[in-house]
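Q: Submitted below is the structure of interest, expressed as structure tokens.
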Amino acid sequence: MNRTKTILLATITLVALSASAQRFEVFGEYSYLHFSPTLSGLQSRSFNGGGGGAQINFLKILAIKADLMDYASTDFTVHYNTPVHLPTGGTIPAGTFTSKGDMFTFLFGPVLIIPIPKVKPFGEVLMGGSKTNAYVNLSNAIDQAGGTVAVATQHPFTMALGGGLDVDAGKHIGLRLAEFDYVLSRYSNPLTSTGNQNNFRYCGGIILKF
């Protein structure tokens with residue numbers, strides 16, 4: 001339901017803005033996300049997925065972008081040699097715990113374009129939120145083994161800062177050869193050692209122009 005509301009809100013906002021736009025674009029992309037869960041004993045994870053969005057160009061150098069990405073489930077495994085007592089009062093028994101988790105991001109913000117013929121380098125600052133069930137599922141696996149870890153679903157602040165390169169392939173079509181972003185997410189719960197996760201993503205796909 002949250003994903004549906006987010007997509008609906010983004011659509012309404014973009015339709016309202018498009019009345020004064022010079023050009024409207026929609027895109028579909030593959031996306032790779034290198035996620036750092038900041039969880040002791042668990043290394044960075046790789047998410048593969050994709051999605052799309054829309055971009056409204058008001059000037060040759062300025063646009064507003066909506067970016068929605070959905071990532072498939074990946075494994076999360078942690079091992080504790082001895083029981084862990086959490087600052088919140090919960091406990092994690094000794095053992096190995098495995099679960100799966102996916103992720104969804106919804107980001108919006110300005111894009112700065114360098115208007116070179118046929119090739120369009122761009123930079124962007126996108127802000128919004130995200131959701132993953134990885135921490136909740138791992139918490140449930142620990143609790144089923146006798147632990148007492150309480151982790152609630154979160155939709156924390158998330159930001160993407162980076163840029164990429166688009167190439168014109170025709171009057172109404174383009175290719176996003178590469179987009180590279182630093183992605184900051186702010187998940188915080190008893191399983192993490194910090195409230196900030198420093199992540200990286202790559203996107204590439206097809207652009208339709210109107």
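Q: Check the range 125-134 and report whether any residue there is assigned to a strand (DSSP E or B), touching a helix residue (DSSP H, G or I) at 6+ places or on another chain (Cβ under 8 Å) and closer than 18 Å to F76 by Cβ.
A: Checked against the condition, which is being assigned to a strand (DSSP E or B), touching a helix residue (DSSP H, G or I) at 6+ places or on another chain (Cβ under 8 Å) and closer than 18 Å to F76 by Cβ, the range 125-134 yields at least one hit.
Q: Counting only residues that are small (G, A, S), modelled with pLDDT of 95 or more and either surrounded by 14 or more Cβ atoms within 10 Å (Cβ to Cβ) or in a loop (DSSP other than H, G, I, E, B) (or both), how many does the range 20-46 have?
A: Result for the range 20-46: 1.
Q: Another one. For the range 104-135, which positions are of a type in the set (A, V, I, L, M) and in contact with a strand residue (DSSP E or B) (Cβ under 8 Å, 6 or more places away or on another chain)?
A: L107, V111, L112, I113, I114, V119, V125, L126, M127, A134, listed by residue number.
Q: Out of the range 122-148, which residues are within 29 Å of P93 (Cβ to Cβ), in contact with a Pro (Cβ under 8 Å, 6 or more places away or on another chain) and surrounded by fewer than 19 Cβ atoms within 10 Å (Cβ to Cβ)?
A: Those that are within 29 Å of P93 (Cβ to Cβ), in contact with a Pro (Cβ under 8 Å, 6 or more places away or on another chain) and surrounded by fewer than 19 Cβ atoms within 10 Å (Cβ to Cβ): A145, G146.
Q: Determine whether L138 is of a type in the set (A, V, I, L, M), within 24 Å of the chain's Cα centre (by Cα) and in a strand (DSSP E or B).
A: So L138 does not fit the description; no.
Q: Criterion first (modelled with pLDDT under 95 and of a type in the set (D, E, K, R)) does D75 satisfy it?
A: yes
Here is a yes/no grid of residues against (1) of a type in the set (G, A, S); (2) part of a loop (DSSP other than H, G, I, E, B); (3) in contact with a Gly (Cβ under 8 Å, 6 or more places away or on another chain); (4) under 16 Å from P37 (Cβ atoms):
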| residue | (1), (2), (3), (4) |
| --- | --- |
| G162 | yes, no, yes, no |
| Y187 | no, yes, yes, yes |
| T192 | no, yes, no, yes |
| C203 | no, no, yes, no |
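Q: Scanning the range 58-97 for residues that are in a strand (DSSP E or B) and polar (S, T, N, Q), which turns out nearest to F35 (Cα to Cα)?
A: Going residue by residue through the range 58-97, those that are in a strand (DSSP E or B) are 62-80, 84-85, 91-92, 95-97.
Filter once more, keeping what is polar (S, T, N, Q): 73-74, 77, 91, 96.
Working: S73: 12, T74: 11, T77: 14, T91: 25, T96: 21 Å.
The selected residue is T74.
Q: Restricting the search to the range 68-89, which residues are out of contact with any helix residue (DSSP H, G or I) (no Cβ under 9 Å at 6 or more places or on another chain) and not hydroxyl-bearing (S, T, Y)?
A: Selection gives M69, A72, D75, H79, N81, P83, V84, H85, L86, P87, G89.
Q: Scan the range 161-198 residue by residue and report those that are of a type in the set (A, V, I, L, M, F, W, C), modelled with pLDDT under 95 and exposed (fewer than 14 other Cβ atoms within 10 Å of the Cβ).
A: Selection gives A169 alone.
Q: Which ones in the range 149-160 are surrounded by 15 or more Cβ atoms within 10 Å (Cβ to Cβ) and either more than 14 Å from Y187 (Cβ to Cβ) or of a type in the set (S, T, N, Q) (or both)?
A: V149, Q154, T158, A160
The values are calculated or read from the model by the stated rules, or taken from the named source; none is laboratory data. Small disclaimer: the values here were computed from a predicted structure and weren't measured. Quick reminder, even Gly has a Cβ in these numbers, built from the backbone with ideal geometry, and neighbours come from all protein chains shown.
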